[in-house]
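The values are calculated or read from the model by the stated rules, or taken from the named source; none is laboratory data. The structure displayed is predicted, hence computed values, not measured ones. In this analysis, Cβ positions are derived from the backbone assuming ideal geometry, glycine residues included, and neighbour counts consider all displayed protein chains. Just the protein is used for accessible areas: all its heavy atoms, side chains included, with ligands, DNA and RNA removed. Shrake-Rupley method; radii C 1.70, N 1.55, O 1.52, S 1.80 Å.
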Amino acid sequence: MASFAPAGASPLAIGAGTMGIGGLLTLALAGRSALAVLRSGRRALGWALLGALGIVIYPLAFYTSMAWAGVAVGTVVSLGCAPVFAALLERILDGTRLTRRWAAAAGAAGGGCALLVAAGGAGGGDTARISAGVALGLLAGAAYAGYTYYAGCLIRRGHSSRAVMGALFGLGTLVLVPLFALTSGPLLVTGRGLLVVGYLALVPMCLAYLLFGAGLVRVRASAATVLTLFEPVVAAVLGVAVVGERLGVRGWSGVALVVAGLLVLTVRRR
């Protein structure tokens, strides 16, 4: 949907508007329960601030990555590497053991991302710009894993998923909303721009992250980020079918490897 924004719309504005306005909606739905999260102790406040930092970084890096590297490559790299970062966080901070199965899945996802980058460069694009977009995609993946991890910590502490999401996104809006006001430009002066921002803020942000938070009640951050690997695969297909991007054999092979990594981690052995 972001690709349909008016010409001249900054990816920073799209990211800040999506998560900023969507964050306000999420905070409004949480109500006073979000404040209870922030008042539940110094450790909880620290987790909330770290999670909010990830929420600020993620959309700015993610939408710029898509603008520079393409919808398919930016999305697959950003979300394809998130499970790796999430598992590493759990390993470093919680001591969770990394299995051979995880290593195989991470290798497949990483190989898929590399093939997608190679496919983008072979398509005649600006290699330096694509490489910078991939680097921002990796940053977005790390930020995504970070706020997922700290949201999970708060939920396991006994807070509701709606309260936690409201608290984290509420803190994030303190940076994102002013940034959106400074960079919005054509997004606020055209009906098309308002439609794009409104849709992104309501559906793939507010609604999606409320459901995502509900899922964190039952699964760990590493598992949750793996399940979101369905999103970049769909984005790659839509990038080709709707936006007109081309992936080629290497690009589709990269998508297939990411899917393979997803299956390795989610399909239960008998």
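In sequence order, the range 11-20 has phi-based couplings of x, 5, 5, 5, x, 5, x, 4, 7, x Hz under the Karplus curve 6.51 cos²θ - 1.76 cosθ + 1.60, θ = phi - 60°, and Gly or Pro positions carry x. A protection proxy built from the mean count of other Cβ atoms within 10 Å ranks the segments 173-179, 110-116, most packed first, as 110-116, 173-179.
Note on exposure: LEU50, LEU60 ranked by accessible area (1.4 Å probe, complete protein assembly) read LEU50, LEU60, with the most exposed listed first. At 7 Å along the Cα-to-beta-carbon direction for both LEU211 and THR190, put a label point, then send me their distance in nm to one decimal. In this crude spin-label approximation the distance works out to 2.9 nm. Karplus-derived 3J(HN,Hα) values for the range 136-153, using 6.51 cos²θ - 1.76 cosθ + 1.60 with θ = phi - 60°, are 5, x, 5, 5, 4, x, 5, 5, 4, 5, x, 6, 5, 4, 6, 5, x, 4 Hz; glycine and proline are entered as x. Label-to-label distance for THR127 and ARG43 is 5.0 nm, based on points extended 7 Å past Cα in the beta-carbon direction.
Extension gain for the segment LEU174 to ARG156, taken as residue separation times 0.36 nm less the Cα-Cα distance, is 3.9 nm to one decimal.
Here the Karplus curve 6.51 cos²θ - 1.76 cosθ + 1.60, taken at θ = phi - 60°, turns the phi angles of the range 81-87 into couplings of 8, 4, x, 5, 4, 5, 5 Hz, with x standing for Gly and Pro. With kT/(6 pi eta Rh) evaluated at 4 °C and eta = 1.567 mPa s, and Rh the Kirkwood radius from Cα pairs, the range 3-96 diffuses with a coefficient of 84 µm²/s according to Stokes-Einstein. For SER10, the amide hydrogen comes within under 5 Å of no other amide hydrogen, counting only partners 5 or more places away or on other chains and with H modelled in the peptide plane.
Rounded to the nearest 10 square angstrom, VAL37 shows an accessible area of 0 square angstrom against a 1.4 Å probe. Modelled this way, with points 7 Å down the Cα-to-C-beta line, the labels at THR99 and ALA36 are 3.6 nm from one another. One chain, two ends: LEU182 and ARG91. Fully extended at 0.36 nm per residue, the span grows by 28.9 nm beyond their Cα-Cα distance.
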